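Everything below concerns the one structure shown next.
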Amino acid sequence: MHLILARLDFPDGTPDAAELRRALPRPTGVEHVYVDGRATSADVVLFLALPTLAESESTARALCNAYLRVHHPTARLAGLSASLAPGTEDLLLGPDTRGPDTRGPDAHGPDC
């Protein structure tokens, strides 16, 4: 699962967050959408279950641009950032089976 944050800038004023969330296209792989609107911008948080981060970023960019093209042609996608959603490391890498650190209290150095 990838978490993609898109910043949309609306020079004519931000639409209602609920309207924006409802109007965003929902292609396969989009699991959840959260919108935080401000006076002239909105942060759109997308949770995407796609095989690669590149696919998730591409899908997020495409759906934001499709929304803007149809509903707010004067607005723009101002930025896009991505990360793994919390808790997905085990799903991708498997559980940590190394067990507890048994090297002793000074194994990481005196400042740890």
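The values are calculated or read from the model by the stated rules, or taken from the named source; none is laboratory data. Since the structure is predicted, the reported quantities are computational estimates derived from the model, not experimental observations. Don't worry about glycine lacking a Cβ; one is built from the backbone with ideal geometry, like all the others, and counts go over all protein chains shown. Ligands, DNA and RNA are excluded from the accessible area calculation, which covers all protein heavy atoms including side chains. Shrake-Rupley method; radii C 1.70, N 1.55, O 1.52, S 1.80 Å.
Assess whether L77 counts as being at pLDDT 95 or above, in contact with a helix residue (DSSP H, G or I) (Cβ under 6 Å, 6 or more places away or on another chain) and either of a type outside the set (D, E) or part of a loop (DSSP other than H, G, I, E, B) (or both). When the stated conditions are applied, L77 passes them.
When P11 is tested against (1) open to solvent by less than 80 Å² (accessible area, probe 1.4 Å); (2) in contact with a Lys or Arg (Cβ under 9 Å, 6 or more places away or on another chain), exactly one condition is not met: (1).
Is it the case that the range 11-30 has a residue that's in a strand (DSSP E or B), touching a residue at least 24 places away in the same chain (Cβ under 8 Å) and in contact with a helix residue (DSSP H, G or I) (Cβ under 6 Å, 6 or more places away or on another chain)?
No.
Of the residues that sit in the range 45-74 and are in contact (Cβ under 8 Å) with a residue 40 or more places away in the chain and not in a helix (DSSP H, G or I), which one is most open to solvent (accessible area, probe 1.4 Å)? Restricting to residues being in contact (Cβ under 8 Å) with a residue 40 or more places away in the chain and not in a helix (DSSP H, G or I), the top hit is T74.
Within the range 14-44, the residues that satisfy the criterion of being β-branched (V, I, T) and either surrounded by fewer than 16 Cβ atoms within 10 Å (Cβ to Cβ) or at pLDDT 90 or above (or both) are T28, V30, V33, V35, T40, V44.
Checking the structure you have, find out if any residue of the range 81-89 is modelled with pLDDT under 85 and among the hydrophobic types (A, V, I, L, M, F, W, C).
Checked against the condition, which is being modelled with pLDDT under 85 and among the hydrophobic types (A, V, I, L, M, F, W, C), the range 81-89 yields at least one hit.
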